[in-house]
Amino acid sequence: MKMPVMFIFLFLLLAPLAVAQLRVGFYSSSCPKAESIIKQVVQSRFQSDHSITAALLRMHFHDCFVRGCDASILIDSNSTKTKSSEKDAGANQTVREFEIIDDIKKLLESECPSTVSCADIITVATRDAIALAGGTDYTIPTGRRDGLVSDSNLVNLPGPSTPVKRAIRIFKDKGLNANEMVTLLGAHTVGVAHCGFFQDRLSNFQGSGAPDSTMDPTLAAQLLKTCGTTIKPMDQDPAVFLDQNTSFIVDNQFYSQILQKKGILEIDQALALDTSTRPVVSSFATNGAAFQESFAKAMVKMGSIQVLVGNAGEIRTNCRAFNPAKQNKTKPFQIFSSFQVNMDDVSLKSSLGFNAKPYMPSI
């Protein structure tokens, strides 16, 4: 009699794992208009501010690399049991566009209450912003649930000067290989960096009294005029485009520029110098289509890091706050899903080929 009992126990334990997976079209029955509502809001915002692509990419990355893609980055401090939420961590001080997530959530709650997670909103909105900026319009599996923890002390992200070998280890810990790391850092094809993140490279690199020799001298001189040598508060610190040519377009120009020693951040330039990553950089620099396809697949994979599915977590009604205790119906099994996506089910739609007009983002 022991065998049948044990079998039944294992079946009951593992059954939720079998069904609790991300899938394309997760809301097709429960909220059919979900993805179209998200897309409409993103399109409207993009028309007035092309920089939202970089902002949403940054938000998505910073969310997924801390306790997985669970929208914990959206929580305001006054909603946590700890003194500060992830949003308050130093690395997240330049994360923005929380308001667009609020706008989307409000519409979705009106359309289908307590159904679409904030984690899925971030993921789908980022995909839509990428497509609007000329990237691949890929399908994205949904079904994520929102996390119940947000603590600034848990934020430990790779920085602008992180050595390549260490960055590879950090990405590997999240289930992403070196090639995928180089691909995802290609998100720097859009966006900006404040001078404080690279200022040391311009005139006194590592105390040498000279600029970083791995940066193009003309670029270093140009950036020095913009940034100066004095460290400024973030709200007064100038920012420059990470991609000096096609600053609002998701393309492969970032890789061409770092091969020419025109990487703004130290970690970006290092990708073109390190023997373990340079071949990927060179490949993408000469093959834009390969980058677009790889970037889409890497984004789908990143969006699956340690996601909460099934009965784990919750579906927040307000993305900035955990649900009140009486609304939180989390069941005993906390189901975590990591990389449960069948990449053969993820289709890559054609690029929209958007040609962005110059627009200075609000920092």
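Applied to the range 186-194, the Karplus parametrisation 6.51 cos²θ - 1.76 cosθ + 1.60 on θ = phi - 60° returns per-residue 3J(HN,Hα) values of x, 4, 6, 5, 10, x, 9, 9, 5 Hz, with x for Gly and Pro. Rounded to the nearest 20, the Cβ-based charge dipole of the range 43-186 about its Cα centre (Lys and Arg +1, Asp and Glu -1) stands at 660 debye. What the phi angles of the range 85-92 give under the Karplus curve with 6.51, -1.76 and 1.60, with θ = phi - 60°, is a coupling list of 9, 4, 4, 8, 5, x, 5, 9 Hz, glycine and proline written as x.
I'd like the FRET efficiency for Q222 and R169, computed as 1/(1 + (r/R0)^6) with the beta carbon distance as r and R0 of 45 Å, rounded to 0.05.
The formula returns an efficiency of 0.85 here.
In the range 232-300, the inverse of the mean reciprocal separation of distinct Cα atoms equals 13.0 Å; this is its Kirkwood hydrodynamic radius. Remark: the range 96-176 carries 35 Å² of accessible area per residue (probe radius 1.4 Å; ligands, DNA and RNA excluded). Summary of packing: across the peptides 295-307, 165-177, the per-residue average of other C-beta atoms within 10 Å ranks them, highest first, as 295-307, 165-177. Sequentially through the range 255-263, phi angles give Karplus couplings (6.51, -1.76, 1.60; θ = phi - 60°) of 6, 4, 6, 6, 5, 9, 6, 10, x Hz, Gly and Pro residues having no value and appearing as x. Full extension of the chain between E111 and N311 yields a length gain of 69.8 nm, computed as 0.36 nm times the residue separation minus the alpha carbon distance. Peptides 99-107, 186-194 ranked from most to least packed by the mean count of surrounding Cβ atoms within 10 Å: 186-194, 99-107.
Proximity of backbone amide H atoms, modeled 1.01 Å from N, is registered between V192 and L242 at under 5 Å, excluding neighbours fewer than 5 places apart on the same chain.
Distant-in-sequence amide contacts of T142, defined by a placed amide H-H separation under 5 Å and a gap of 5 or more residues or a different chain, comprise R23, V24, G25, F26. Treating r as the C-beta distance of S28 and N245 and R0 as 30 Å, the FRET efficiency rounds to 0.15. Measuring between their Cα centroids, the range 110-129 and the range 188-203 lie 31 Å from each other.
The values are calculated or read from the model by the stated rules, or taken from the named source; none is laboratory data. Since the structure is predicted, the reported quantities are computational estimates derived from the model, not experimental observations. Note: ideal-geometry Cβ built from the backbone for every residue, glycine included; neighbour counts use all protein chains shown. These area figures cover heavy atoms from the full protein model, side chains too; ligands, DNA and RNA do not enter into them. Shrake-Rupley method; radii C 1.70, N 1.55, O 1.52, S 1.80 Å.
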